[in-house]
Amino acid sequence: MLNNPITEKYNIPVPRYTSYPPANFFHEGFQAEDLSLALKESNRQKPTNLSFYIHIPFCRHHCTYCGCNAYPMASQEGIESYMEALRKEMQLVLPQLDHQRPISQIHFGGGSPTCIPLHYLQELIKMLVSEFHLTENPEIAVECHPGYLSMTDWENLADAGFNRCSIGVQDFNPQVLKAVNRKPSKEDMADVVAYLKSRNISVNLDFIYGLPHQTPESFAETIRNAADLNPDRLVTFSYAHVPWVHPAQKALEKHGLPDTTLKSALYETACSILSDKGYRSIGMDHFVLPGDELDRAGNSGCLHRNFQGYCTWETTGQVYAFGVTGISQLASVYAQNTKSIPDYIRLVSEGRLPVSKGYRLTEEEQLVREIIAGLMCNGRLDWTALAGRLNFDSPETLKKKLTYSENKLEEMVTDGLITVSSDSIQVTETGRRFVRNVAAVFDPLYKPGSAGYSLPV
């Protein structure tokens, strides 16, 4: 268990670093013509693989913990209009990409992608694979809300060509689910997991800790039940309470939220159980079975992350996002689509890329992104290996390009968060919970106390 002084010292708001720079740096000065230029540039940049993200924004009802870009369920006419707009956006973007580049990822997120008729998703997959060839082992994944899926629906998902399902269970405790307005699984989760595995579909089970009514005992029961289902990956996301960003989260306060000590206990309970069950910890809050590709990547220092989540260097690609609020994550550019569904439909109908804001990274920011990604994903930084991969003649030359506080690193060594040698930085077991704090040392854009950040614990 983390001792209280360390928890109190480092449990301060810091960026989540799902991207670098974080999304709060995106600005409206970046427009459609900037993205069009970036699309062409991306054909000459690395990684060469294509990763496609498709945002389905609709949900049948709103879960009060949610921080996603989600919208109330549309009518059948509204769904058809949105899906037609998706196809039109693809027709604007795909011709600008080099068709010799392979697809390594296709990911549907939301919202709840599985709340719409599944044939729409299958049609979009077919559209992409008709234009580009696939890598040897591409990941074709979908985020699933199990509360509305019958066994027939799960069968249809398998038939649609998905090979990974990320299932948002969140908790097995009915009291917790009721408090956060989350519908429990329609089918027995054991039957669902067994069926998907029989169809050679990898299964992620996703949970959230830090919700009302969770106790170490109740969460232990949830995690034990989950591990007994033997999913390929199990994720324990830390709930980020940011009602100034997502006002609906304010409703959870009437139930009471776990304090820092209790929330830390929930996580440590899950870690202990999953370790006993044979799962390996990778990145932040993720656990995988031995031999999983993420386990192998983590062991070799080749774990990577994009907006879709953790992936290997072989799987990752530059991300081209389609749909309202979607964020494209290219080698030197981020571009986010408009948040308005009517505006999105109108813009693509007019033949315009629906960009609302974005960001072009400087050379230094691209280097910082590599540093932060290495720490966040692999828990270590090998200066010699990184300098070689980034074409620097020595680690010293790379270090001179960066601005960071060696005094802060020394303080973290003293506090037991990291170990430092002349050639490497290693995050300790104690420091895993605070890897975001370690990453922030290398972030020249980070301003302590700024609004919009969340607590690591």
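The values are calculated or read from the model by the stated rules, or taken from the named source; none is laboratory data. On a predicted model such as this, the values are computed, not experimentally measured, just so you know. As a convention, Cβ positions derive from the backbone with ideal geometry for all residues, glycine included, and neighbour counts pool all protein chains shown.
Side notes on the structure shown:
- Put simply, of HIS99, HIS107 the only residue that is of a type outside the set (Lys, Arg), in contact (Cβ under 8 Å) with a residue 60 or more places away in the chain and in contact with a Phe, Trp or Tyr (Cβ under 9 Å, 6 or more places away or on another chain) is HIS107.
- Selection over segment 252-307 of residues that are outside any helix (DSSP H, G or I), within 24 Å of ALA385 (Cα to Cα) and hydroxyl-bearing (Ser, Thr, Tyr) gives a count of 1.
- Here CYS165 clears all of (1) within 23 Å of PHE58 (Cα to Cα); (2) assigned to a loop (DSSP other than H, G, I, E, B) except the condition numbered (2).
- Cβ pairs under 6 Å, 6+ apart, first in segment 60-79 and closer than 18 Å to GLY326 by Cα, second among the hydroxyl-bearing types (Ser, Thr, Tyr) and surrounded by 17 or more Cβ atoms within 10 Å (Cβ to Cβ): ASN69/THR325
- Test: LEU262 is hydrophobic (A, V, I, L, M, F, W, C), surrounded by fewer than 17 Cβ atoms within 10 Å (Cβ to Cβ) and touching a residue at least 40 places away in the same chain (Cβ under 8 Å): yes
- Some residue of segment 214-222 being hydroxyl-bearing (Ser, Thr, Tyr) and assigned to a strand (DSSP E or B): no
- Selection status of TYR310, touching a residue at least 40 places away in the same chain (Cβ under 8 Å), under 29 Å from ALA38 (Cβ atoms) and either in the same structural domain as ARG369 (by TED's automatic domain parsing) or buried (at least 24 other Cβ atoms within 10 Å of the Cβ) (or both): no
- Scanning segment 300-356 for residues that are more than 26 Å from ASP382 (Cβ to Cβ), of a type in the set (A, V, I, L, M) and over 16 Å from the mean Cα position of the chain (by Cα) returns VAL324, VAL333, ALA335, ILE341, ILE345, LEU347, VAL348, LEU353, VAL355.
- Residue list for segment 204-227, restricted to those being among the charged types (D, E, K, R) and either touching an Asp or Glu at 6+ places or on another chain (Cβ under 9 Å) or touching a residue at least 40 places away in the same chain (Cβ under 8 Å) (or both): ASP206, GLU221, ARG224
- Taking the conditions (1) closer than 30 Å to HIS55 by Cα; (2) surrounded by fewer than 14 Cβ atoms within 10 Å (Cβ to Cβ); (3) at pLDDT 95 or above in turn, GLU363 satisfies each one other than (3).
- Residue satisfying all of: in segment 140-162; surrounded by fewer than 17 Cβ atoms within 10 Å (Cβ to Cβ) and part of a loop (DSSP other than H, G, I, E, B); farthest from the chain's Cα centre (by Cα) among these: SER150
- Considering residues of segment 1-34 that are of a type in the set (Val, Ile, Thr) and not in a helix (DSSP H, G or I) only, the residue surrounded by the most Cβ atoms within 10 Å (Cβ to Cβ): VAL14
- Segment 114-159, subset among the hydroxyl-bearing types (Ser, Thr, Tyr) and touching a Lys or Arg at 6+ places or on another chain (Cβ under 7 Å), residue nearest to GLN318 (Cα to Cα): TYR148
Condition check ((1) in contact (Cβ under 8 Å) with a residue 24 or more places away in the chain; (2) buried (at least 22 other Cβ atoms within 10 Å of the Cβ); (3) among the hydrophobic types (A, V, I, L, M, F, W, C)) across all residues:
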{"residue": "THR236", "(1), (2), (3)": "yes, yes, no"}
{"residue": "ALA240", "(1), (2), (3)": "yes, no, yes"}
{"residue": "PRO243", "(1), (2), (3)": "no, no, no"}
{"residue": "ALA248", "(1), (2), (3)": "yes, no, yes"}
{"residue": "LEU266", "(1), (2), (3)": "yes, yes, yes"}
{"residue": "ILE273", "(1), (2), (3)": "yes, no, yes"}
{"residue": "ARG280", "(1), (2), (3)": "no, no, no"}
{"residue": "GLY298", "(1), (2), (3)": "yes, yes, no"}
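- If only residues of segment 366-406 that are surrounded by fewer than 18 Cβ atoms within 10 Å (Cβ to Cβ) and polar (S, T, N, Q) are counted, the one that is nearest to GLN329 (Cα to Cα) is GLN366.
- For segment 329-347, the criterion of being touching a helix residue (DSSP H, G or I) at 6+ places or on another chain (Cβ under 8 Å), under 30 Å from TYR71 (Cβ atoms), crowded, with 22+ Cβ neighbours inside 10 Å and modelled with pLDDT under 90 is met by no residue.
- Number of residues in segment 174-196 that are closer than 18 Å to ILE223 by Cα and either surrounded by 19 or more Cβ atoms within 10 Å (Cβ to Cβ) or not assigned by TED's automatic domain parsing to the domain that holds PHE219 (or both): the value is 7.
- Total residues in segment 370-386, condition touching a residue at least 40 places away in the same chain (Cβ under 8 Å) and either outside any helix (DSSP H, G or I) or β-branched (Val, Ile, Thr) (or both): 6
- Residues located in segment 405-430, provided they are outside any loop (DSSP other than H, G, I, E, B), of a type outside the set (Ser, Thr, Tyr) and in contact (Cβ under 8 Å) with a residue 24 or more places away in the chain: LYS408, LEU409, MET412, ILE425, GLN426, VAL427
- Close Cβ contacts (under 6 Å, 6 or more residues apart or on different chains) running from residues in segment 172-183 that are assigned to a loop (DSSP other than H, G, I, E, B) to residues that are of a type in the set (A, V, I, L, M) comprise VAL180/LEU211.
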